[in-house]
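Structure first, then comments.
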Amino acid sequence: MEQLHHTTAVIPSGTTSPILADCYQNRTQEKYPLVVFCHGYKGFKDWGAWDLAMQTIAKVGFTVVKFNFSLNGTTVDNPSEFTDLDAFGRNTYTQEQLDLTTVIDYYSSQPFVDETKIFLIGHSRGGGAVVLQTYYNDKVTGAISWAGVADFKKRFPQRDNFEQWKKEGVFYSLNGRTKQEMPHYFSFWEDFVAHEQQLTIQYAAQNLKKPVLIVNGTADQAVNVKEAELLHLWIKESELFIVEGADHVFGARHPHNQEELPEDLAKVVDKTIDFIQQHTQL
C-alpha cells in the first residue's frame, strides 16, 4: 500500500496556546471522509499506540487527524510532555469543545476532505467531548466513543474535597505515570456551572439523532462498562461493542514500541473502521 502522507499544523485556538495537529491520508486526488481523534484526561495525541491506531484507520481510505487540546498541558515544542501545568490548570470542558470545533473547521475546509462525512473518535474524557460535539455541530456525521465517560459532573471533587478546592482555588491530581501534581483551578468548576446544560452528556445523548459506536472493556477501572450501557440506552442510533477483559486503554502502554497494535486495541480499531465505512457508504 502507498505510504501515508503526514502533515502537521499549528492552529490558533483562542487561548494563549495553539492546537498542534497531525493529519494522515493516502496520496491521491480523492476527497476522503474526515476522522478526528480526541485524547482523554492527562492524555495527548501521541500517547501509547494512538498514533499507530490512527495510521491504521487512515490506510483504509480516510483523512485522519489527531490533536492536542490547547490547554492539555503540553506545548508545540514538547507535545508529549506536560511542561505547561498552568495551562492544564486553566483547561475547561468548554474550551475543549471550542478546540474541537476549531479543528473540524480547519480540516473540513481542506480540498482533500469530503466535508459531508465527518466522524469523531474520543477516548475517555474525549469520548464525552465527541458526544457533545456530535450533537451541537451540524457538520459532524457521527461519533465513536472509546471508553468514553457518560457524565462530567460526577468527576469533580465532592463534599469536603470540593469545599477545600473552593477555599484554596486549586486542587492537584497526581499523574501516576509522570508523578507530576497536575493542578485544576476552581475556574474549571465555575465554567462548568455556567454552561452546565451544554456540557451535560445525557442531554446531548438523548437528543442525538446520529450514528454512534460505543466501545468499552469489561476490565476498565477508570470508566465502568455501565457508563457505556447508559450511553447506549440514551442514544437512539447507537451500537454497543464490549471488549471482554479489556482495560481502559485496550492493552496499550506508553511508550508503545511495537509495530503491531495491542490485541484489544486492534479489535477496537477494526470495529471502528467497519462502523465508519458502514455510515460513509450509504
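Quick notes on this structure:
- Approximate shape of region 3-62 as ellipsoid semi-axes (Cα gyration tensor, √5λ), whole Å, largest first: 22, 15, 9
- Compactness of region 16-133 - radius of gyration and Dmax, Cα, Å: 13.7, 42
- Crossing angle, helix 225-234 versus the chain [Cα axis fit, 0-90 degrees, rounded to tens]: 70
- With at most 16 other Cβ atoms within 10 Å, longest stretch of the chain clear of loop GluC sites (Glu not before Pro) (DSSP): 82-195
- In loop segments of region 1-105 as defined by DSSP, the trypsin sites (Lys or Arg not before Pro) with at most 13 further C-beta atoms inside 10 Å of their C-beta are Arg27.
- Secondary structure note: in the chain, about 40% of the DSSP beta bridges are antiparallel.
- Förster-model FRET efficiency, 35 Å R0, Gln206 and Asp114, C-beta, rounded to 0.05: 0.75
- Whole-Å distance, taken between Cα centres, linking region 136-156 and region 74-95: 20
- For region 227-282, Kirkwood radius (reciprocal of mean inverse C-alpha pair distance, Å): 13.1
- Label-to-label distance, nm, for residues given as Thr218 and Lys154 (7 Å Cα→Cβ offset): 2.1
- Simple Cβ-charge dipole of the chain, Lys/Arg +1 and Asp/Glu -1, about Cα centre, in debye nearest 20: 380
- Percent of Cα-Cα distances greater than 27 Å, calculated over the chain: 36
- Cα gyration tensor shape of region 75-157, rounded if a/c is under 1.5, else prolate or oblate by comparing a/b with b/c: oblate
- Carbon and sulfur %, accessible surface of region 1-57 computed with the full protein complex present, 1.4 Å: 51
- Dipole orientation for region 40-90: of the candidates Leu71, Ile57, Phe88, Ile57 has the Cα lying most toward the positive pole (charges on Cβ; Lys, Arg +1; Asp, Glu -1).
- Counting only Cα atoms, region 113-258 measures 46, 41, 32 Å along its principal axes, largest extent leading.
- Overall form of region 124-173 per C-alpha gyration tensor (a/c, 1.5; a/b vs b/c): prolate
- Separation of the Lys139 and Glu168 label points, Cα + 7 Å toward Cβ, nm: 4.0
- Percent antiparallel among DSSP beta bridges (both partners in region 89-233, rounded to 5): 35
The values are calculated or read from the model by the stated rules, or taken from the named source; none is laboratory data. As the structure is a computational prediction, the values presented were derived from the model and not from experiment. Note: ideal-geometry Cβ built from the backbone for every residue, glycine included; neighbour counts use all protein chains shown. All accessible areas refer to the heavy atoms of the entire protein, side chains included, with ligands and DNA or RNA removed. Shrake-Rupley method; radii C 1.70, N 1.55, O 1.52, S 1.80 Å.
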